[in-house]
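Remarks on the structure that follows.
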Amino acid sequence: MNWSDKKSGFEVIDVRKAVGNFLPGFLRKAASINSGEGICVVQSFEPVPLYSAMSDLGFQHETEKAGETEYRVYFYRTEVKEPEYAGGGDMPLKPTAILNFKSIDDKLADIVVNFWDLVWNGEEPAIDMKTRLLLSLANGVGAGRFRQATRELVKAWSAGVTVAELDELFTLLVWNGGIGTFASEIGPSPLFGAYRMIKSMDSAGKSRNDIMAELLEKFGNRNPEVKVNQ
């Protein structure tokens, strides 16, 4: 029997009117599902960021557009996979701010999600993920968006960036932004705090996963300077 034949029996979770970031709770629930079982998510736009997160947990998916503002995504767990990124699970700090766009218009949210998918999940990208995250970090700094830059740093560490690479990046930030800008803007920022913590823990011999856990604790969604409100 094809697993699609079982989907009518999947538990349905409708998040169209969910307030706040439902993703962490949903992923915890998904992680508890056994192989050979599934779950269905209902959203007002196609929830593309969920696909990679669920795939990393061992789920396949099938998407149906049930209406103009109703997408039903059926996830079926075929295996329990080892996490791809440091710290376990899918890449951290998903772009949950996309949910803000559906407060304006569901079609706008759908456009934004698909643009995000084009940028970050394109087939056979010429630039590897780690480098793209560092470029996005630098762009965030240049635009004065330290919240974005800090989130990209956390994701880049998860994707395998090294301390040596971060050292060179921050040297370039001093070069391009100037000493004054670095001293008054970058130095006091959560971005630089996260970088200093990585260096300190790495020099103390801590593992990448240990550093990742501490980054998420201190520079993840619990930090008001890093959290993106939905």
Task: Checklist (1) among the hydrophobic types (A, V, I, L, M, F, W, C); (2) touching a Phe, Trp or Tyr at 6+ places or on another chain (Cβ under 6 Å); (3) modelled with pLDDT of 90 or more applied to residue 129, failing item - done: (2)
TODO: Check off (1) closer than 16 Å to residue 114 by Cα; (2) modelled with pLDDT of 85 or more; (3) out of contact with any Ser or Thr (no Cβ under 9 Å at 6 or more places or on another chain) for residue 96 and give me the number that stays unchecked.
DONE: (2)
- [ ] Filter the range 182-216 down to residues that are surrounded by fewer than 16 Cβ atoms within 10 Å (Cβ to Cβ), among the aliphatic types (A, V, I, L, M) and over 23 Å from residue 142 (Cα atoms), then give me how many there are.
- [x] 1
- [ ] Pull up the range 1-31, narrow it to residues that are crowded, with 16+ Cβ neighbours inside 10 Å and outside any loop (DSSP other than H, G, I, E, B), then point me to the one that is nearest to the chain's Cα centre (by Cα).
- [x] 23
- [ ] For residues that are more than 20 Å from residue 59 (Cβ to Cβ) and out of contact with any Asp or Glu (no Cβ under 8 Å at 6 or more places or on another chain), tally how many sit in the range 4-17.
- [x] 1
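From the set of residues in the range 97-110 that are touching a helix residue (DSSP H, G or I) at 6+ places or on another chain (Cβ under 8 Å) and of a type in the set (A, V, I, L, M), which is surrounded by the most Cβ atoms within 10 Å (Cβ to Cβ)?
The first filter runs over the range 97-110 and keeps only residues touching a helix residue (DSSP H, G or I) at 6+ places or on another chain (Cβ under 8 Å), leaving 98-99, 101-102, 108-109.
Still in the list and also of a type in the set (A, V, I, L, M): 98-99, 108-109.
On the way: 98: 20, 99: 25, 108: 13, 109: 22.
Step by step, filter the range 97-110, then rank; the result is 99.
Only residues that are in a loop (DSSP other than H, G, I, E, B) and not basic (Lys, Arg): list them for the range 201-230, please. So that I can check it myself, show each step before the final result.
Within the range 201-230, the subset in a loop (DSSP other than H, G, I, E, B) is 204-207, 220-230.
204, 205, 207, 220, 221, 223, 224, 225, 226, 228, 229, 230 - these are the residues of the range 201-230 that are in a loop (DSSP other than H, G, I, E, B) and not basic (Lys, Arg).
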Open item on the list: Here are the criteria: (1) basic (Lys, Arg); (2) over 22 Å from residue 152 (Cβ atoms); (3) modelled with pLDDT under 90. Tell me which single one residue 7 does not satisfy.
Closed with: (3)
- [ ] Report those helices (runs of 4 or more DSSP H) wholly inside the range 65-180 carrying at least 3 residues which are β-branched (Val, Ile, Thr).
- [x] 106-120, 163-177
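The values are calculated or read from the model by the stated rules, or taken from the named source; none is laboratory data. As the structure is a computational prediction, the values presented were derived from the model and not from experiment. Positions of Cβ are generated from backbone atoms using ideal geometry, with glycine treated the same way; all protein chains shown enter the neighbour counts.
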